[in-house]
Amino acid sequence: MTTSLVNLSEYPLHEPESARYQSLVAQQKQLLSTEGMINLPNFLTTEGIRTCKQEIADRTDIAYHAKSERHPYGYHRHPEHPQDHPLNRMAKTQSFRLAHHHLPATEIDALYRWPPLRRFIADITGNQQIYLSGDPSNAVVVQVYKEGCGQAWHFDQALFSTILNVAESTAGGIFECAPRIRTEEDPNYTDVQSVLDDKSDRVQQHHVKAGSFTIMLGRYTLHRVTTIEQQQPRISIVLSYEQQPDVYMDLETRKTSFGPTAPELPA
Ligand SMILES: O=C(O)CCC(=O)C(=O)O
Ligand SMILES: [Fe+2]
């Protein structure tokens, strides 16, 4: 079944030895490293989009309404810095979330675990091997952005992020990013501040389409989803892969992201 969800004629994930696969990977790997983000259109088949949407629609009533305030680097203010410092620029993030623990025995979960997808992402991100997240909730997160929802400017915890776009937005809901604006050593407050002040020329806007697949260096790429201004929700599925096994989200972020009833971490 999983194979019918992915557009294998354009993206031959099932034939990793083929010349087409190799050249696709070489090209996208290069783009990711220079651009910090790639978007692969028509990655899901029509059936793939339909299946994901149906599994999500069947569960929307159990989604967690996550609302928080954050700055690009985290959730806590830093009183030692001025009010307008990027570490104090709080902004609203809001979406309805279905986490991995809401999605057992789904096609979405099967796709997340599908070894050829993992191989493909490892190849494009230049890793010998990548691992499924150990986190019972954060491994797969469906983001349902209803009208008024959106994500504030932020960096991800994970080095790279992979996002299946399932339903697009035509009014608001734009994916904006400033690729590779920071490094591990340098938080680059100056350039981040220009982005927050709408004064940066580093910001790209992507009207991501349903069925496309995004891979981004999310830890170093500042990104956000602008407020959705339509009744139809924008829906994305964030798949988390890691460079080591048994990676978990920190406890506090788990609570903010998934609510008080999310499962505890394994002992
Ligand atoms: O939903 C999206 O397109 C982006 C999600 C995101 O940035 C995140 O969950 O960290
Ligand atoms: Fe993110």
Just checking, does segment 249-265 include any residue being of a type in the set (Asp, Glu) and modelled with pLDDT of 95 or more?
no
Per-region count, segment 59-75, residues modelled with pLDDT under 95 and assigned to a loop (DSSP other than H, G, I, E, B)
1
Within segment 150-172, restricting to residues that are surrounded by 24 or more Cβ atoms within 10 Å (Cβ to Cβ) and part of a loop (DSSP other than H, G, I, E, B), the one that is nearest to ligand 2 (Cβ to nearest atom) is PHE160
Only one of (1) more than 15 Å from ligand 1 (Cβ to nearest atom); (2) among the hydrophobic types (A, V, I, L, M, F, W, C); (3) surrounded by 23 or more Cβ atoms within 10 Å (Cβ to Cβ) does not apply to ALA105, and that is (3)
Scanning segment 183-215 residue by residue, the ones that are assigned to a loop (DSSP other than H, G, I, E, B) and more than 18 Å from the chain's Cα centre (by Cα) total 12
Would you confirm whether any residue within segment 33-51 is modelled with pLDDT under 95 and part of a loop (DSSP other than H, G, I, E, B)?
yes
Which is within 16 Å of ligand 2 (Cβ to nearest atom), touching a strand residue (DSSP E or B) at 6+ places or on another chain (Cβ under 7 Å) and among the basic types (Lys, Arg), of LYS146, LYS92?
LYS92
Could you please tell me which pairs satisfy a Cβ distance under 6 Å, a separation of 6+ or placement on different chains, a first residue in segment 200-227 that is without any contact (Cβ under 8 Å) to a residue 40 or more places away in the chain, and a second residue that is within 11 Å of ligand 1 (Cβ to nearest atom) and of a type outside the set (A, V, I, L, M)?
VAL203/GLU176; GLN205/GLU176
Out of (1) away from ligand 1 (no atom under 13 Å from the Cβ); (2) more than 24 Å from TYR112 (Cα to Cα), what's the single condition that is false for GLY211?
(2)
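The values are calculated or read from the model by the stated rules, or taken from the named source; none is laboratory data. All values reported here derive from a predicted model rather than from experimental measurement. When we count neighbours, we look across all protein chains shown, and the Cβ atoms used for this are built from the backbone with ideal geometry, even at glycine.
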